[in-house]
Amino acid sequence: MRSQYEYLMVLGVCVLITLPLEWMGRGVYRRGPDLVRAIAPVLLVLAVWDVVAIVRGHWSFHPEATTGVLIGGVLPIEEILFFVAIPLCAVLTYEAVRGHSERWLRDG
């Protein structure tokens, strides 16, 4: 059985799992403007792409797995949050690896 919060729960788990990387890396959350500049283009391009695909009937979202809150009457709020959460997780991971790599090179 699906839950209308399934998509949101998956996104929340992704963010929670990568949250400790903030302290392992270079302080992604503390650099808000940089983070916005990294995520905003992804959000904009993919949201437009999704809206076009939905309007054209190329794909849709399972209504039982989303809350039913639609942006512009078309795009589920969960999809917008996906375009924020997943790049955020990627940036956290990248910065954590980058921070440790610099330490390994310096100390090694």
- Query: Got the relative contact order for region 1-76 handy, in percent, Cα pairs under 8 Å and 6 or more residues apart?
  - Reply: 49 percent
- Quote to one decimal, in nm, the extra length available between L81 and R98 on full extension: 0.36 nm per residue of separation minus the C-alpha distance between them. 3.6 nm
- Between beta-carbons, use under 15 Å as the cut-off and find the net charge around D34, counting Lys and Arg +1, Asp and Glu -1. +3
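What does the charge count near F61 come to, summing +1 for each Lys or Arg and -1 for each Asp or Glu among other residues with Cβ under 12 Å from its Cβ? Mind showing how you got there, number by number?
Numbers: positive: R2; negative: E6, D50, E64, E78, E79.
That works out to -4.
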- Message: Would you work out the Kirkwood radius for region 29-73? I mean one over the mean of 1/r across all pairs of different Cα atoms, in Å.
- Response: 12.5 Å
- Tilt, helix 6-18 to longest principal axis of the chain (alpha-carbon atoms), in degrees rounded to tens, equals 0 degrees
- If one compares the long axis through the Cα atoms of helix 32-55 with the longest principal axis of the Cα atoms of the chain, the angle in degrees, nearest 10, works out at 30 degrees
- Query: Taking Cα atoms, how many degrees apart are the long axis of helix 77-107 and the longest axis of the chain, rounded to 10 and kept between 0 and 90?
  - Reply: 10 degrees
- Which of P63, Q4, L21 sits farthest toward the positive end of the charge dipole of the chain, with +1 on the Cβ of Lys and Arg and -1 on the Cβ of Asp and Glu? L21
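Taking the Cβ-Cβ separation of Q4 and W59 as r and a Förster radius of 25 Å, what is the calculated FRET efficiency to the nearest 0.05? Intermediate results must be reported in sequence, preceding the final value.
Details: r = 19 Å, r/R0 = 0.75.
After rounding, the FRET efficiency stands at 0.85.
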- At 0.36 nm per residue, minus the direct Cα-Cα distance, what do C14 and V42 gain on full extension? Give it in nm, one decimal, please. 8.3 nm
- Query: In the set (i) 43; (ii) 50; (iii) 35, which value of percent of Cα pairs over 20 Å apart was calculated from the structure you see?
  - Reply: (ii)
- Query: So which chymotrypsin sites (Phe, Trp or Tyr not before Pro) in region 33-63 pass both tests, a DSSP loop state and at most 14 other Cβ atoms within 10 Å of the Cβ?
  - Reply: W59
- Message: Is there a quick way to get the dipole size of the chain? I mean about its Cα centre, with the Cβ of Lys and Arg at +1 and of Asp and Glu at -1; what is the value in debye to the nearest 20?
- Response: 340 debye
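Read the figures in this text as sums done on the coordinates, not as results from a lab. On a predicted model such as this, the values are computed, not experimentally measured, just so you know. FYI the Cβ positions are ideal-geometry reconstructions off the backbone, even for glycines, and counts take in every protein chain you see.
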